[in-house]
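The values are calculated or read from the model by the stated rules, or taken from the named source; none is laboratory data. Please read these numbers as outputs of a predicted model, since none were measured by experiment. Counting neighbours? That spans all protein chains shown, and the Cβs are built from the backbone with ideal geometry, glycine included. Ligands, DNA and RNA are stripped out before the accessible areas are found, and what is left, the full protein with its side chains, is counted by its heavy atoms. Shrake-Rupley method; radii C 1.70, N 1.55, O 1.52, S 1.80 Å.
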Amino acid sequence: MPAHPSQIAPLRADALHNRERILRAAREAFATRGLEVPMAAIARRAGVGVATLYRRFPSRESLITEVFADQLAVCAAVVDEALADPDPWRAFRTVVEKVCSMQVADRGFTAAFLTEFSGAVDFEQARTCAEQGLAEIVRRAKAEGTLRADFDLADLILLLKANQGVSADTGDAAAAASRRLVAYLLQSFRAESAGPLPSPPPFGLEHIYDLTPERQAASP
């Protein structure tokens, strides 16, 4: 039988130090280069050997889920706070603004959030809860009549794809461009601004990850 967590010996100080260096290097690499950055590049950035990296994190998935666990918790908290807000439009607007801000700050997070990780049960459960909460926020705002009636969840994918484009800039420029883009689109989402639109595209959440620059570059 596997050892109970309390029976697993704690990491030695040097091993713990290496682990933290790897996580810090991976977080920086994923934020600037996306999830496709080679594991060897992360090891070099951390100043450890590739064998050391794989000893601590035996797969890319295990490293990604560990790196983004905190961001996922923040994202889930944003959704939970919005669900507790009695104002449906304010809840919707707050979620959109905060998620887009997180996307610009960390290029890797959106891809990690939208990628399925087999075996990462906690990560998958938290993501599913966040997705369900977001759908409920949209439903409430539409029911109240503040969010346009023809709003589709695919429109959120369009928003994230557009916001991903402005995140190609860096620093203050990217943040400023994102804020203005989001403000423009939030105005168009208001029911009083509604006019006829073409049908929504057949987008699912997977389109954000599949169409990142890193994935496109890797395609034949």
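The candidates Asp152, Asp106, arranged from most to least accessible area with a 1.4 Å probe in the full protein assembly, appear as Asp152, Asp106. Label sites at Val50 and Asp80, each approximated as a point 7 angstrom past Cα along Cα to Cβ, lie 4.0 nm apart. Legend: calculated FRET efficiency, Ala143 to Ala173, from the Cβ-Cβ distance at R0 = 25 Å, rounded to 0.05, equals 0.10.
Modelled label positions at Met102 and Arg90, each set 7 Å beyond Cα in the direction of Cβ, lie 2.1 nm from each other.
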